[in-house]
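**Q** One structure, pasted below without further comment.
Just so it is clear, none of the values below were taken in a lab; they were calculated from the coordinates. What you see is a predicted model, and the numbers here were worked out from it, not measured in a lab. A quick note on method: Cβ atoms are made from the backbone with ideal geometry, for glycine too, and the neighbour counts reach across all protein chains shown.
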Amino acid sequence: DGGITQSPKYLFRKEGQNVTLSCEQNLNHDAMYWYRQDPGQGLRLIYYSQIVNDFQKGDIAEGYSVSREKKESFPLTVTSAQKNPTAFYLCASSIGGGSGELFFGEGSRLTVL
Amino acid sequence: DQQVKQNSPSLSVQEGRISILNCDYTNSMFDYFLWYKKYPAEGPTFLISISSIKDKNEDGRFTVFLNKSAKHLSLHIVPSQPGDSAVYFCAASAPNSGNTPLVFGKGTRLSVIA
């Protein structure tokens, strides 16, 4: 089945550690996105990529890093510089950048202990 | 500054009645609007959309209305069902202004009471 796969679904991390969240899609979509959801904050854009080997910062990119070496993959690293990393992280993709309907993965919940 | 606003964090409706979820936007360049539905611990799923050339789009129990002059859109669900209980996000984009990602509101939590 075509879709977006995020892993792991749940992740615990100690303060000061970096952690990488995986996002893979087999929809042949050009654009991929990372959002963060916090209670009462809605969906906030962290990074997005409209084409391989290129990505742009979203509204809350500080403390995060990404790479887009393959069309299918867009991993997100939550670094120790991110002050409030505990959140629900959502990966999405779309056929093209911009207005296209987004298809979301199931999400990854990161908890920093 | 929020470009897409959902001013009601929550809404409770009785089963069988109409649910009306509201969304306001400030960017006049937005010309395409979407609604997403999200259950806890899951990713959002696309529900319905509307282009600015229309003022209404209907899909089964779901209808979206767009009032461009007021920069306001609303999602009507009728009749409401318990399975509709979820968080609903309004999103907007400006396709003719470059490939900028969707902008989301903060969401409205709908509870449909049996």
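**Q** Here is the link list: B:K5/B:K68; B:K71/B:K106; A:K9/B:K38; A:K14/A:K57; B:K37/B:K68. Which ones come out longer than 20 Å on Cα distance? Please list the in-between numbers first.
**A** Working: B:K5/B:K68 15 Å; B:K71/B:K106 17 Å; A:K9/B:K38 16 Å; A:K14/A:K57 25 Å; B:K37/B:K68 23 Å.
Pairs exceeding the cut-off: A:K14/A:K57; B:K37/B:K68.
**Q** Suppose we take every Cα in segment A:59-103 and form the convex hull; what volume per residue is that in Å³?
**A** Details: hull volume 4.3 nm³, N = 45.
That works out to 97 Å³ per residue.
**Q** Of the residues B:L34, B:L73, B:L47, which exhibits the maximal mean-square fluctuation in a Gaussian network model of chain B defined by a 10 Å Cα contact cut-off?
**A** B:L47
**Q** Kirkwood Rh over Cα pairs of segment A:1-90 into Stokes-Einstein at 20 °C, 1.002 mPa s: D in µm²/s?
**A** In µm²/s, the coefficient rounds to 159.
**Q** Taking the Cα centre of chain A as the origin and placing charges on Cβ (Lys, Arg +1; Asp, Glu -1), which of A:F74, A:N18, A:N28 is farthest toward the positive end of the dipole?
**A** Toward the positive end, the furthest listed residue is A:N18.
**Q** Calculate, axis by axis, the spread of Cα positions in segment B:26-66 along the three principal axes, and write the results as whole Å, longest axis first.
**A** Each principal axis gives a Cα extent; for segment B:26-66 these are 34, 26, 11 Å.
**Q** Which aspartates and glutamates does B:K54 reach when only Cα atoms under 14 Å apart count, and residues fewer than 8 places away in its own chain are ignored?
**A** Once the sequence-local aspartates and glutamates are set aside, what remains near B:K54 is B:D31.
**Q** Checking a compactness column here: for segment B:1-72, what do you get for Rg(Cα) / (2.2 N^0.38 Å), N being the number of residues? Walk me through the numbers before you get to the answer.
**A** Values: Rg = 13.1 Å, N = 72, 2.2 N^0.38 = 11.2 Å.
Relative to the rule-of-thumb radius for its length, segment B:1-72 sits at 1.18.
**Q** What is the distance in Å between the Cα centroid of segment A:2-33 and that of segment B:44-109?
**A** The distance from the Cα centre of segment A:2-33 to that of segment B:44-109 comes to 27 Å.
**Q** To the nearest 20 Debye, how big is the dipole of chain B about its Cα centre, given +1 on the beta carbon of each Lys and Arg and -1 on that of each Asp and Glu?
**A** Details: 11 positive and 9 negative charges, 24 e Å.
Using Cβ point charges on Lys, Arg, Asp and Glu, chain B gives about 120 debye.
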